[in-house]
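The next block holds one structure in the form of structure tokens; read it before the comments.
The values are calculated or read from the model by the stated rules, or taken from the named source; none is laboratory data. Predicted, not measured: the structure shown is a model, and the values here were computed from it. Backbone-built Cβ (ideal geometry, glycine too); neighbour counts: all protein chains shown.
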Amino acid sequence: MQAGSTFSKLAGRLANLVELSADDLDLLARMPGSIDHHHSRHYLLQHGETSTHCHLLLQGYLCWLDPGSRDGRIISIHVPGDVPDLHTIHDGRLDYDLVSVGPAVVASVPHDVFRDLCGVSSSLARALLLMMLGDAAGSRNWIVNLGSRDALERVAHLLCEIAMRLRAVGLAKDLRIPSPFTPSDVAGACSISAMHANRTIGELRRSNLLQWHARMITITDWNGLVHLAGFNPAYLRLPADATIAPAEAVVMPTLDGPPLAPRLR
């Protein structure tokens, strides 16, 4: 599979879970699917619908939103290479809303394509199963994050996870995270108010753990952020070379500035 292939990040993720043959990679490279560009807050799927396609995220971020919450509660955040609705190949009924966080590029792939891949290749079938199990592990950790950490630790843990998952697909190598996230998004993911999220981001900046300017987050003290969050990436089931060794986590110079102000949507 060529590095520029549409599905290269998905192939990389699956190859990290199971050893894939050249034929397996070729099957992934030839998967049919339509590619769409979505603006921020576009609803790809909504509660109550029955899905017939899976959505592979190519660029940007997607999230699952709780349709019953008034405060935009986020159930999970997804990065390029993720197929957040992979489980719908087994049950297409939707309990939550799948929404873009900032602009996103997404490939829509029919369920039958994934079912056929599983029928042709036992390795791909196992890799896709492990990918779904990884999502389930992430959901369990999400519950722990909300139930046992304070606001500062929750936000720090969220940023550690996003950085690590981006690195696993070849992004954020320099600990710079493209960020369409508003304080409301952080609040929805961490079950706090937008005002509290804004104060928390400001505290992380004043502690010289990160810079957050415009649409970019730069983690300036990875080790400090990990320590604050109590972050252990084992639940992400990532290969060893995707993790960040202490030697890589050089403390960078910081820029002074006020806490991130909420942006109008």
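Tabulated data
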item	result
Residue check for G102: within 18 Å of Y43 (Cβ to Cβ) and either under 13 Å from the mean Cα position of the chain (by Cα) or not hydrophobic (A, V, I, L, M, F, W, C) (or both)	yes
Residue under evaluation P80, criteria (1) touching a helix residue (DSSP H, G or I) at 6+ places or on another chain (Cβ under 6 Å); (2) part of a loop (DSSP other than H, G, I, E, B); (3) more than 25 Å from C190 (Cβ to Cβ), criterion not met	(3)
Residue, surrounded by the fewest Cβ atoms within 10 Å (Cβ to Cβ), within the range 90-138, restricted to residues that are touching a Cys at 6+ places or on another chain (Cβ under 7 Å) and closer than 30 Å to R73 by Cβ	H111
Matching helices (runs of 4 or more DSSP H) fully within the range 154-249 where at least 2 residues are within 24 Å of D66 (Cβ to Cβ)	183-190, 194-206
Failed condition for A189, given (1) within 27 Å of V105 (Cα to Cα); (2) surrounded by fewer than 21 Cβ atoms within 10 Å (Cβ to Cβ); (3) of a type in the set (G, A, S); (4) not assigned by TED's automatic domain parsing to the domain that holds T88	(2)
Residue in the range 118-135 that is among the small types (G, A, S), in contact with a Phe, Trp or Tyr (Cβ under 9 Å, 6 or more places away or on another chain) and more than 14 Å from V83 (Cβ to Cβ) present	no
In the range 61-72, the residues that are farther than 29 Å from S123 by Cβ and in a strand (DSSP E or B)	C63, L65
Selection within the range 4-55 - in a helix (DSSP H, G or I), polar (S, T, N, Q) and under 21 Å from D112 (Cα atoms)	S8
The range 168-186, subset of a type in the set (V, I, T) and under 12 Å from the mean Cα position of the chain (by Cα), residue nearest to G81 (Cα to Cα)	V169
Pairs, first at pLDDT 95 or above in the range 133-152, second among the aliphatic types (A, V, I, L, M) and outside any helix (DSSP H, G or I), C-beta under 6 Å, six or more apart	A151/I192
Answer from A214, A229 - the residue that is surrounded by fewer than 17 Cβ atoms within 10 Å (Cβ to Cβ) and of a type outside the set (K, R)	A214
Subset tally (residues that are in contact with a Gly (Cβ under 6 Å, 6 or more places away or on another chain) and surrounded by 13 or more Cβ atoms within 10 Å (Cβ to Cβ)) for the range 24-53	2
Yes/no for D91 being in contact (Cβ under 8 Å) with a residue 12 or more places away in the chain and of a type outside the set (V, I, T)	no
Hey, A194 modelled with pLDDT under 95 and surrounded by 14 or more Cβ atoms within 10 Å (Cβ to Cβ) or not	yes
Filter result (within 10 Å of the chain's Cα centre (by Cα) and either hydrophobic (A, V, I, L, M, F, W, C) or surrounded by fewer than 23 Cβ atoms within 10 Å (Cβ to Cβ) (or both)) within the range 54-77	L57, G60, L62, C63, S76, I77
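Here's the yes/no breakdown for (1) in contact with an Asp or Glu (Cβ under 9 Å, 6 or more places away or on another chain); (2) assigned by TED's automatic domain parsing to the domain that holds P84; (3) not hydroxyl-bearing (S, T, Y):
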residue: R126; (1), (2), (3): no, yes, yes
residue: D135; (1), (2), (3): yes, yes, yes
residue: R167; (1), (2), (3): no, no, yes
residue: L171; (1), (2), (3): no, no, yes
residue: R176; (1), (2), (3): no, no, yes
residue: N198; (1), (2), (3): no, no, yes
residue: W212; (1), (2), (3): no, no, yes
residue: R215; (1), (2), (3): no, no, yes
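Let's see how each residue does on (1) on the phi < 0 side of the Ramachandran plot; (2) in contact (Cβ under 8 Å) with a residue 40 or more places away in the chain; (3) among the aliphatic types (A, V, I, L, M):
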{"residue": "V186", "(1), (2), (3)": "yes, no, yes"}
{"residue": "I192", "(1), (2), (3)": "yes, yes, yes"}
{"residue": "N198", "(1), (2), (3)": "yes, yes, no"}
{"residue": "L210", "(1), (2), (3)": "yes, yes, yes"}
{"residue": "L228", "(1), (2), (3)": "yes, yes, yes"}
